[in-house]
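Here's the structure, in structure tokens; my notes come after.
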Amino acid sequence: MEAEHSSSTAVLKPFLDKNTHLNEQIFQYPPPFGFLHMKNKLQEIMDLLPASSEERRGGKDCRRCLVIGNGGILKGLGLGPLFNQFDTIIRLNSGPVRGFSADVGSRTSIRMSYPEGSPKVWDDTDSDLRFVAVIYKSIDFHWLRAMITKMSVALWDRLFFWQSVSTSVPLKASQFRLLNPEIIRETAFDLLHYPSVRERIWGWDQNVPTLGVSALNLATYLCDEVSLAGFGYNLSRKDAPLHYYGNSLMTSMLKEAMHNVRTETVFLKRLVASGSITDLTGGVHCNFC
């Protein structure tokens, strides 16, 4: 992973809080790559967050991290007990635990999401759970502030989300974290080698990494060993389930306009093949088939 990062400067703090010293680069790009023209909104949120120290990886014991995607490949594998053995377990968006623990495990250390992707019903019960908020647009700050302060999301604000959002996150303020956008910027420009920001009138143009690959990059800052599960899109099997829950099929990924999953797959295959990370479910690159 150090070789993959050779052209970039390491992110000093994966999470932002009231004690973070902000450099000018963080205001160079709009979300999700930075906070261009959002200094005041950012400061308001940072003032609500506790100073965090758990982002330091390493130490006396090896810290093993597992990033669990929401892929349909998890269905029926029965790997839940194995997943529960990892030190840090990162889940993405609204991927449920209740009713699926045999396949996806029951523990959650980090739930990483943006407003529209956050669970409507929370079933993470871990006392050390952290919710890592990812900012994709200005209105996300309003939602995050409402979740931290236990205020309601204003009806006017809801009009600016592309789908309904959670109206509450049942966590204490001390359990919230704000992802440093440099994690996403580094993932996009330095690891995936996407061109610089190409914002369109509506959305982005396939230069935004998926939350899964961004979570992988985050994990390399938190842990000594990183594994994946539930990753990989087999686009040739159009009738395969997209997620381990719900009824979406793989065909829906063919319409994806924001993320370049083929480029990400090549990147992940290289990491797995080189032994930098481990793919426990074989959806990216299968070393055990």
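Just to check your reading of the model, which residue among Leu66, Leu22 is modelled with pLDDT under 95 and either surrounded by fewer than 16 Cβ atoms within 10 Å (Cβ to Cβ) or part of a strand (DSSP E or B) (or both)?
Details: Leu66 fails: modelled with pLDDT under 95.
The match here is Leu22.
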Taking the range 28-47 and the residues there that are under 21 Å from the mean Cα position of the chain (by Cα) and not in a loop (DSSP other than H, G, I, E, B), the one that is surrounded by the fewest Cβ atoms within 10 Å (Cβ to Cβ) would be Met46
Using the structure shown, decide if Thr125 is in contact with an Asp or Glu (Cβ under 9 Å, 6 or more places away or on another chain) and among the polar types (S, T, N, Q). no
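If we scan the range 109-122, do we find a residue that is part of a loop (DSSP other than H, G, I, E, B), under 15 Å from Ile68 (Cβ atoms) and modelled with pLDDT of 95 or more?
As a first pass, look at the range 109-122 and keep what is part of a loop (DSSP other than H, G, I, E, B): 109, 114, 118-122.
Narrowing the set further to residues that are under 15 Å from Ile68 (Cβ atoms) leaves 109, 119.
From what is left, the residues that are modelled with pLDDT of 95 or more are 109.
So far as the range 109-122 goes, yes, one or more of its residues are part of a loop (DSSP other than H, G, I, E, B), under 15 Å from Ile68 (Cβ atoms) and modelled with pLDDT of 95 or more.
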Which condition number in (1) at pLDDT below 80; (2) part of a helix (DSSP H, G or I); (3) surrounded by 14 or more Cβ atoms within 10 Å (Cβ to Cβ); (4) not small (Gly, Ala, Ser) is the one that Thr251 fails? (3)
So Arg111 fits all but one of (1) surrounded by fewer than 22 Cβ atoms within 10 Å (Cβ to Cβ); (2) within 25 Å of Thr278 (Cβ to Cβ); (3) free of Cβ contacts under 8 Å to residues at least 24 places away in the same chain; (4) in contact with a Ser or Thr (Cβ under 9 Å, 6 or more places away or on another chain); what number is the exception? (1)
If you take the residues of the range 162-189 that are in contact with a Leu (Cβ under 8 Å, 6 or more places away or on another chain) and touching a residue at least 60 places away in the same chain (Cβ under 8 Å), which of them is farthest from Met38 (Cα to Cα)? Ala173
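Give Asp103, Asp61 a once-over and let me know the one that is out of contact with any Cys (no Cβ under 8 Å at 6 or more places or on another chain), within 23 Å of Thr278 (Cα to Cα) and in a helix (DSSP H, G or I).
Values: Asp61 fails: in a helix (DSSP H, G or I).
Among Asp103, Asp61, only Asp103 is out of contact with any Cys (no Cβ under 8 Å at 6 or more places or on another chain), within 23 Å of Thr278 (Cα to Cα) and in a helix (DSSP H, G or I).
The values are calculated or read from the model by the stated rules, or taken from the named source; none is laboratory data. Worth saying up front: this structure is predicted, and the values here are computed from it rather than measured. Here Cβ is always computed from backbone atoms with ideal geometry, including for glycine, and neighbour counts include all displayed protein chains.
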